Every structure is written in C-alpha cells, then in structure tokens.
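Single-structure report; data block below.
The values are calculated or read from the model by the stated rules, or taken from the named source; none is laboratory data. The model shown is predicted, which means the values in this text are computed figures rather than measured ones. Please note: Cβ atoms are built from the backbone with ideal geometry, for glycine as well, and neighbour counts cover all protein chains shown. Protein only, heavy atoms only, side chains kept; ligands, DNA and RNA dropped before computing areas. Shrake-Rupley method; radii C 1.70, N 1.55, O 1.52, S 1.80 Å.
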Amino acid sequence: MEYAAKTQTVRTSSGTLGKKRDGSWKRLGADIRTNWLVYLIALPALAYFFIYCYMPMGGLVIAFKDYKISGSMWDAEWVGFQHFTDFFQSYYFGRLLKNTLLLSLETLVFGFPVPIIFALLLNEMRSVRFKKVAQSITYIPHFISIIVICGLIIDFTSLDGLINTIIKFFGGMPVSFLSKPEWFRPVYVISDIWQTFGWNSIVFMAALTGIDTEQYEAARLDGASRLQQIIHISLPGITPTIVTLLIMRLGAVMSMGFEKVFNLYNPATYQTADIISTFVYRQGILGANYSSSAAIGLFNSLVNLVLVVAANKVSRKLSETSLW
C-alpha cells in the first residue's frame, strides 16, 4: 500500500511538472505572438551568439584529440587529457599563469576604482558645461583603435619620447620602458586606466542619477558635508552596480586583452608580459599546434567560469546582490 501510494505520488508530481512545462511553453508562445516585434528585433543578437559563441563549441573536441589541419577533427586520434597534462607540466605554465593573474589583478585593483571616483566627482560638479567637456575628453580614448593606442604608447615611452624628454629635463636618465620586463606592467596598467576610465564611468553616472535627490536635501538639512553625502548616500546607492560589474570583471580575470599585450610586448619582456592568450596565439597560429592551443584556451575559459560563479555566490551571501 505504501509503495502504491509513493508511486501514485511520483506520478502525480511528474504530471504536475509536465503540466507546468506545458504551461510555460504556452505562455512563451503567447508572449511571442503578442510581442513578436520585440523578438524580431532581438533575433540578430540571438543569431550572433548562436553562430559565433555556441556553434564553435563543437570545435573544442580537438582539445582532446591529436588534430592535424590536413584531416578531419572527427577522425583525429583521441588522446584524452594529454594536451592539458603537457601544458601543466611545461616550463612556461607557471610563468604564464603568474603573468596573466598579476597583470589582470593589477589592472582590476588600480583601474576598477578610478571610474567610480571619476563618476562621483562629476556628480558633485555644478557646472554642466565643465561636466560635458570633461566627459567628452575622457571618452575619446575608448573610440581610438587599439593599434593607434599602442602606437602612441610606444612613441611616448621611447628613448626620445615625451616621457623620457620630461625625465631628461629634470636631470634624470632616459629609460627604455618597453624593453625592460619590470616596466611592462606599470606601462600597461596606467595606459589601460587612461584608455577606459572615462567610458566605464558612464554606468556609474547612470546609477547616480537614479538616487532620490530628496536624500541629499535631507542630508544637507542635517548639516552633512559633501564628503559625508558621498560616503553615506552616493556610494550605498551605486553599490549594487559596483558589485555586479566587479563580478563580471572577475569572470574575465584570465582573459586579458590579447591585442594590447601582443602589440606592446617583445621577447625581451616575455618574463613579465607573456600571458596565456599570447602563448595560445604562438602555439596555435604560429606553431600550428591547434589541439594544444584549444586545450589551453578551454582551461582558461573554465577558470574564468569558476571565478565568476564563486564571486557571484560570495556576493549573494554577503550583499544579497548577484548576477543570478
């Protein structure tokens, strides 16, 4: 009797779940029929992600095979985790992982707060004209091609460039910044802050405009200074935005900007500049070692996935703000 009752319960639950699923599909169909124009507008974006993000995932199978470009990836010999093992045991693994993490974390630690501070300062500006001019000037580097940006950095840091001219003017000795491993990270981080802080501040400016102005008026009536208003009203008001963007940035810790590093580094600075993405380029494109580069890229993506999931979980427990 008990077994029959349990079986009936399971059947009833399964039927309920089936009805819920059917109801969900019906609601989705009704929503598509009602808002078909919205779905039509979203179709190109969905097609983009499907074609360029999801379909290529099938090619990850070569990370577990000994793939040669002359043959089919489905007919290649299966080698399992051999390429992952070779990478983890290689001489370059420690250096690549260290360089990638240090360069990314330094960019995050020193670069992430700058657009927040800039947005808070702009929010306190009373001159609308000055605010617009400041925003326009700081947005410009974002729209400049990365190749042009790297060319400017190389020119400014060369022995006869602007920075060394200033150093020599004050009696110092010129420094070949991009030829010395110890200077690569500072040059990269500082230039990245200059390039991105203005554009990244837009999100925080938008979040600041959503704060109720009555809170500021009440604080001024209570005698709060501008700094106190920033600390107790502005910052708490944009905290959910800060946390969300921080989680997203942590999910890209292992995915440093390949283009910029590739255009700035050279064999003399491999010690501190060579990262996983540039190593994958040399392995896959220059060395035609496609299976090995696919395995390294997959490892890189899995680490990013673990980081973003962990950061999201910690954030949800500590601040009740999360991506999902």
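A compact table of results
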read-out: Cα-centre dipole for the chain with unit charges at Cβ (Lys and Arg positive, Asp and Glu negative), debye to 20; value: 720
read-out: Pairwise centroid distance, computed over Cα atoms, of the range 68-103 with the range 222-288, Å; value: 24
read-out: Lys/Arg +1, Asp/Glu -1 at C-beta; the range 82-164 dipole; positive extreme among PHE110, THR138, LEU162; value: THR138
read-out: Mean residue ellipticity (222 nm) of the chain, computed from DSSP H runs ≥ 4 via -39,500 (n - 2.57), nearest 500; value: -22500 deg cm²/dmol
read-out: Cα gyration tensor shape for the range 20-143, rounded if a/c is under 1.5, else prolate or oblate; value: oblate
read-out: Heavy-atom accessible area per residue - the chain, 1.4 Å, Å²; value: 63
read-out: Solvent exposure, largest accessible area first (probe 1.4 Å, DNA, RNA and ligands not counted), of LYS168, LYS260; value: LYS168, LYS260
read-out: Three principal axis lengths of the range 84-191 [C-alpha, angstrom, descending]; value: 59, 39, 25
read-out: Selected from GLN283, PHE262, ALA224, residue furthest toward positive end of dipole (the range 219-307; charges at beta carbon); value: ALA224
read-out: Three-way shape call for the range 180-324 based on the alpha-carbon gyration tensor, with the a/c threshold at 1.5; value: prolate
read-out: Efficiency of FRET between VAL128 and LEU108 - r from beta-carbon atoms, R0 45 angstrom, step 0.05; value: 0.90
read-out: Cα-centre dipole for the range 175-220 with unit charges at Cβ (Lys and Arg positive, Asp and Glu negative), debye to 20; value: 320
read-out: Which labelled figure in [x] 60; [y] 36; [z] 45 is percent of Cα pairs over 29 Å apart, once derived from the coordinates; value: [x]
read-out: Net dipole in debye of the range 139-217 [+1 Lys, Arg Cβ; -1 Asp, Glu Cβ; about Cα centre; nearest 20]; value: 500
read-out: Candidates SER127, SER158, SER104, ranked by Gaussian network fluctuation over the chain, Cα under 10 Å, top entry; value: SER127
read-out: Chain lengthening between ALA224 and PHE169 when straightened (0.36 nm per residue, less Cα-Cα); value: 15.2 nm
